[in-house]
Amino acid sequence: MAHLRIAFVQGRPDFGRTEDNLERGLALAATVDAQLVILPELWSTGYVFSSARELAALAEDPRTGATAQALTWAAKREKRWYIAGFAEAARGGRVYNSAMLVSPTGIRAVYRKLHLFEREHEWFEPGDIPLAVHKVGPAKVGMLICFDWRFPEATRALALMGADVIAHPSNLVYPNAQDAMRVRGLENRVYVVTANRTGTEKRPGGTVPFTGRSQVVAPSGEVIVRAKKSEEVALATDCDLALARDKALTKLSHLWNQRRPEFYGAITARPRARRA
Ligand code: ACM
C-alpha cells in the first residue's frame, strides 16, 4: 500500500535574512518525521519588497543559490524531500516567485507561480513553465503557490495529470483560502498541503498580515491537521495515496469518467481582454 508522510512548516521569516530564515525553517522541519516537508512561499526572503533593485539583490539562482544549497544539503543528510518557495533569478534579469522540489539527490524541479497577487506584478514575471506532476517516492506531487488557489483550473489540471498531492507553499492573506483549499481537495479527490506564513510584515512597500492556519486536507475535503493562526510549528501526517487515486464517488458516480470536457470549452478558450 502506497503511503507518504508529509509535513508543512509554518513560520515567520525575517525580511531579507535568507541564511537565518533557511536555518529556522530547517530547524522546524527537524522536529517532524516526514518524507516530504513543505515550507511557505518566498520563505528565504520574506514577501513585501520595496523595489525591483531590492528583489534583484535577494533573488537566487535555482541551482546554486542559498536556498538550493541549504535544501540540497538537508535533503541529502535527512534522506527526504523538500519543497520551498524562493525568489528565482532567471536569465535577462527576470525574477520569478518560484518553488523548488528537492530530492535526496538534488534539485528535481522548479515551479514558477502562474497567478501573481497584487503588487507581485511589480516585482515578478508571471510563471512560464507548464504545470507538471513529479514522482516523490510512491506519490505524484504537483506544486502551486499561494494565490493560485483562486484559480481552480490549476489544481484541476494537476489532478487530471495524476497528482495525488498538491503542495501549496503560501503567504496567504484572504481568511477564506484555507476553506477554499478544502474544496480543491474534495472536488479533485487529492491531498492538499498548504504551508503558510504567520505574522505581519511591515516594510516600506506596505504592511501585510498573514493568516497562518497551515493545513493538510484529505481527498474527502476533511482537514487532517491544521496549525493555529500565529504559531511557528511543523506538523506531519500520513497520506494514504489510495484515497487520492480512487475517483469513484459511488458505484455509479465517477469523478473522472463523468466529466464532459466537450462542454467546458470556455475554460481553455483564449480569454478576451477584460478591464481590470
Ligand atoms: C499571495 O499570493 N501571496 C497572496
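Things worth noting here:
- Antiparallel DSSP beta bridges within the chain, as percent of all bridges there, nearest 5: 70
- Kirkwood hydrodynamic radius over Cα pairs of the chain, then Stokes diffusion coefficient at 10 °C and 1.306 mPa s, in µm²/s: 85
- Each residue of segment 250-260 was assigned a 3J(HN,Hα) from its phi angle through the Karplus expression (A = 6.51, B = -1.76, C = 1.60, θ = phi - 60°), giving 9, 4, 9, 10, 10, 4, 8, 5, 8, 5, 10 Hz with x at Gly and Pro.
- Against the empirical curve 2.2 N^0.38 Å, the C-alpha radius of gyration of segment 217-276 lands at a ratio of 1.79.
- Once backbone amide H atoms are built at 1.01 Å from N, residue 37 has 7, 81, 82, 83 as its partners under 5 Å, excluding neighbours fewer than 5 places away on the same chain.
- Per-residue HN-Hα couplings for segment 225-234 [Karplus 6.51, -1.76, 1.60; θ = phi - 60°; Hz; x = Gly/Pro]: 8, 9, 7, 6, 4, 10, 7, 9, 7, 10
- The alpha-carbon atoms of segment 11-131, seen along their principal axes, cover 38, 30, 23 angstrom, with the largest extent given first.
- Between segment 64-112 and segment 230-276, the C-alpha centres lie 26 angstrom from each other.
- Within the chain, helix-based [θ] at 222 nm, where runs of 4 or more DSSP H residues each add -39,500 (n - 2.57), nearest 500: -6500 deg cm²/dmol
- Scanning residues 5 or more positions from residue 16 or on other chains, those with amide H under 5 Å from its amide H are 46, with H placed 1.01 Å from N in the peptide plane.
- Packing-based ranking of 47-55, 258-266, 165-173 yields 165-173, 47-55, 258-266, ordered from highest to lowest mean Cβ neighbour count within 10 Å.
- Cα centroid of segment 148-178 to Cα centroid of segment 1-37, whole Å: 19
Each value in this text was obtained by applying a stated rule to the coordinates, not by laboratory testing. Bear in mind that the values here come from a model prediction, so they are computed numbers and not experimental data. Counting neighbours? That spans all protein chains shown, and the Cβs are built from the backbone with ideal geometry, glycine included.
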